[in-house]
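Peer 1: The structure that follows is given in the form of structure tokens.
The values are calculated or read from the model by the stated rules, or taken from the named source; none is laboratory data. Keep in mind that this is a model prediction, so the values were computed, not measured. Using ideal geometry, Cβ is built from the backbone for each residue, glycine included, and neighbour counts are taken over all protein chains shown.
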Amino acid sequence: MRIAMTRKISDEIVNCELTHIEREPIDLPRARWQHASYEEELGLMGCTVVSLPADPNQADCVFIEDTALVFDELAIIMRPGVKSRRGEVHDVQRALGKYRKRIEQIEPPGHLDGGDVYFTGKNVFVGVGHRTNDEGFDQLAALMEPLGYTMHRVSFDGALHLTTASSVVNDSTILCNAQWVNPDQFPGFTVVTTEPGEDFGGNGVRVGDKFLYPRAFPKTAKKLEQAGIELHRVDMDELGKAEGSLTCCSLVFNDIED
Ligand code: CIR
């Protein structure tokens, strides 16, 4: 069984963190409707959706990806790069306790956002930038290397998180915006690059062999389909105004205690 853990949108999202874009009004009912459709689609893709309530005091709590990494062997609770988001992790840690016996934590002075990490097989890719520092990378490496994982440090530019620019599509394929992340950093993988004018098209959610992808990027979607990828589509542009993307809104992991 595969779990997709999500978290509802706080009314406070209107005061969310913003780094690369200007603040504009967020239509909350529309954002919630799109988020509900996203949860529904994850269910149709085979996930059991576990939806946590919002924390009214945490503006960015819907972006649950940033709070934890869930591997088959353990869950790791993040220490977000911005102070305003550090309180988000406690409820997520509690919820993950049901699914993983071993739970570790990133400790100060390390900081690491889950959105700067993706993994496939035994490869873990980490974008070290302003939300994730070297200590965060080193702490993650110290947890994962003894379990046989290989750590890859990925440099990227122009995007909030590594996953804003690039995502895992399946065991052998990575999607990336080549303006923000150099595709040469993924030797041995097939790299699909985003099409011009579709800058935010480097983000999608892998669920097994299926890929959840925004309707907003039809040219890149066509390229993915031509590469044999089965796409499921959603709209998530309202949360894009909070600098969110598709991966940000879920933690997808195996329910290995089955
Ligand atoms: C933030 O700046 O932290 C939120 N407003 C957006 C977080 C999006 N998360 C992600 O890309 N993984």
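Peer 1: Out of (1) under 18 Å from the mean Cα position of the chain (by Cα); (2) loosely packed, with under 15 Cβ neighbours inside 10 Å, what's the single condition that is false for Glu225?
Peer 2: (1)
Peer 1: Regarding region 170-184, can at least one residue be identified that is out of contact with any strand residue (DSSP E or B) (no Cβ under 6 Å at 6 or more places or on another chain), assigned to a strand (DSSP E or B) and away from the ligand (no atom under 16 Å from the Cβ)?
Peer 2: Yes, there is a match, as at least one residue in region 170-184 is out of contact with any strand residue (DSSP E or B) (no Cβ under 6 Å at 6 or more places or on another chain), assigned to a strand (DSSP E or B) and away from the ligand (no atom under 16 Å from the Cβ).
Peer 1: Next question. How many residues are at pLDDT 95 or above, within 15 Å of His152 (Cβ to Cβ) and surrounded by fewer than 20 Cβ atoms within 10 Å (Cβ to Cβ) when one looks only at region 173-187? Spell out how you get there, then give the answer.
Peer 2: The initial filter retains those residues of region 173-187 that are at pLDDT 95 or above, namely 173-186.
Then keep just the ones that are within 15 Å of His152 (Cβ to Cβ); that gives 174, 176, 181-186.
Next, only the ones that are surrounded by fewer than 20 Cβ atoms within 10 Å (Cβ to Cβ) stay: 182-186.
Of the residues in region 173-187, 5 are at pLDDT 95 or above, within 15 Å of His152 (Cβ to Cβ) and surrounded by fewer than 20 Cβ atoms within 10 Å (Cβ to Cβ).
Peer 1: Can you list residue pairs whose Cβ atoms sit under 7 Å apart, with the first residue in region 192-215 being more than 16 Å from Gly228 (Cα to Cα) and the second being among the charged types (D, E, K, R)? Count only pairs 6 or more apart in sequence or on different chains.
Peer 2: As it stands, the answer is Glu195/Lys219; Glu195/Lys223; Glu198/Lys219; Gly201/Glu195; Pro214/Asp235; Arg215/Arg233; Arg215/Asp235, since those pairs meet every condition given.
Peer 1: On the given criteria, is Val252 part of a strand (DSSP E or B), within 14 Å of the ligand (Cβ to nearest atom) and in contact (Cβ under 8 Å) with a residue 60 or more places away in the chain?
Peer 2: Yes, satisfied.
Peer 1: Residues of region 20-58 being aromatic (Phe, Trp, Tyr) and surrounded by 14 or more Cβ atoms within 10 Å (Cβ to Cβ), which ones?
Peer 2: Result: Tyr38, single match.
Peer 1: Can I ask one more? Output the residue which, of all residues in region 49-90 that are closer than 26 Å to Ser37 by Cβ and assigned to a helix (DSSP H, G or I), is nearest to the chain's Cα centre (by Cα).
Peer 2: Out of the qualifying residues, it is Glu65.
Peer 1: Looking for whichever is crowded, with 23+ Cβ neighbours inside 10 Å, of a type in the set (D, E, K, R), over 26 Å from Pro187 (Cα atoms) and within 13 Å of the ligand (Cβ to nearest atom) here; the options are Glu88, Glu65. Which one fits?
Peer 2: Checking each option against the conditions leaves just Glu88.
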